[in-house]
1. Out of everything in region 77-98 that is in a helix (DSSP H, G or I) and more than 16 Å from the chain's Cα centre (by Cα), what residue ends up being surrounded by the most Cβ atoms within 10 Å (Cβ to Cβ)?
2. Just the residues that are within 19 Å of residue 169 (Cα to Cα) and in a helix (DSSP H, G or I), please, taken from region 203-220.
3. For residue 144, indicate whether it is touching a strand residue (DSSP E or B) at 6+ places or on another chain (Cβ under 7 Å), touching a residue at least 60 places away in the same chain (Cβ under 8 Å) and buried (at least 17 other Cβ atoms within 10 Å of the Cβ).
4. Take the conditions closer than 30 Å to residue 166 by Cα, modelled with pLDDT under 95 and surrounded by fewer than 16 Cβ atoms within 10 Å (Cβ to Cβ) and apply them to residue 295. Does it pass?
5. Within the group 237, 267, which residue is at pLDDT 95 or above, under 23 Å from residue 100 (Cα atoms) and either surrounded by fewer than 14 Cβ atoms within 10 Å (Cβ to Cβ) or in contact with a strand residue (DSSP E or B) (Cβ under 9 Å, 6 or more places away or on another chain) (or both)?
6. Please identify the pairs in which a residue from region 58-82 that is at positive phi has its Cβ atom under 9 Å from the Cβ atom of a residue that is crowded, with 21+ Cβ neighbours inside 10 Å and assigned to a helix (DSSP H, G or I), counting only partners at least 6 apart or on another chain.
7. Could you say which residue among 153, 128, 114, 104 is surrounded by 15 or more Cβ atoms within 10 Å (Cβ to Cβ) and assigned by TED's automatic domain parsing to the domain that holds residue 277?
């Protein structure tokens, strides 16, 4: 009798372990394919100059000072699986990370920063044919008041970024800007940033008008540029933003501080007037937003944080871009609450099933423990 009961318990444990293993594989692997497979590239006119680009923001890799080790493991696995699954399914040609790659980049020393860089490139490794581009955020090197040449230099070297960079791809022009350099006070980054923006403005105007100007100023062809930066353009708040990944009503009621939640109105006007962009994509707020600036006729997309640590329902953008056209779709990632609910429900089912199986076995009625 005891042998049969032990066999029953052993079989029950094996069944439950296999069930829980299946739940684990579903929640840590297949759910990413199930959710991200539903996303697709936006429709667009066919063109040899089309670029397929993916935009993410605010990955906030934890460092040595903040967060529990399990918190770090959990959220980094989520970002790794989401990113690698998305790249595998959708095969973007270019990936842009819009700042705050690192949560503690401004605080860590040299050795820890090198480990940071290695972790980032491990989590967000891209296959051949996909290029990765980065703009810095305030957590990478500090807000304007904390900026230091050393912090800027090590980030720029490690991630191949600069204060302002012009990137031309298939006739489309991307201007990548360090938001913390837009203070306008002539700091060691602010003046070079303004000079570089003015130079790019001159290049664009020279190319557009095709007037006589130095050959070195001319670009291959003209198209309105796309601005990529960490801070949003100036806006009063997120009140106008909508969608599942937008801020909560409480957050929407908070007034944005210039230089903290967004760049200043003065810097916003300077960028829009100098560069006349057709599209601006940024991050920083950890919430999604689409805003149309009517006076400048420019669309602005703010990309939510890519990490569950900052957002239960993160998302990212897929865009098809050509010199005279762009189309954008939003991809929603698995929600952390969904995964936790699956785990909690599975554990509850295991408990109920175990109790039912043990209670329904007629061992005690049919067999006697003594002769």
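1. Selected residue: 89.
2. Selection gives 203, 204, 205, 206, 207, 208, 216, 217.
3. Taking the combined requirement at face value, the residue does not satisfy it.
4. So residue 295 passes the test.
5. On inspection, the qualifying residue turns out to be 267.
6. 58/139; 60/75; 60/139; 67/75
7. After ruling out the rest, the residue left standing is 104.
Okay, residues lined up against (1) surrounded by 21 or more Cβ atoms within 10 Å (Cβ to Cβ); (2) assigned to a helix (DSSP H, G or I); (3) in contact with a strand residue (DSSP E or B) (Cβ under 7 Å, 6 or more places away or on another chain):
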{"site": "166", "(1), (2), (3)": "no, no, yes"}
{"site": "176", "(1), (2), (3)": "yes, no, yes"}
{"site": "184", "(1), (2), (3)": "no, no, no"}
{"site": "188", "(1), (2), (3)": "no, no, no"}
{"site": "193", "(1), (2), (3)": "yes, yes, yes"}
{"site": "201", "(1), (2), (3)": "no, yes, no"}
{"site": "223", "(1), (2), (3)": "yes, no, yes"}
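The values are calculated or read from the model by the stated rules, or taken from the named source; none is laboratory data. No experiment lies behind these values; they were computed from the predicted model shown. Cβ sites come from the backbone with ideal geometry, for glycine too, and all protein chains shown count toward neighbours.
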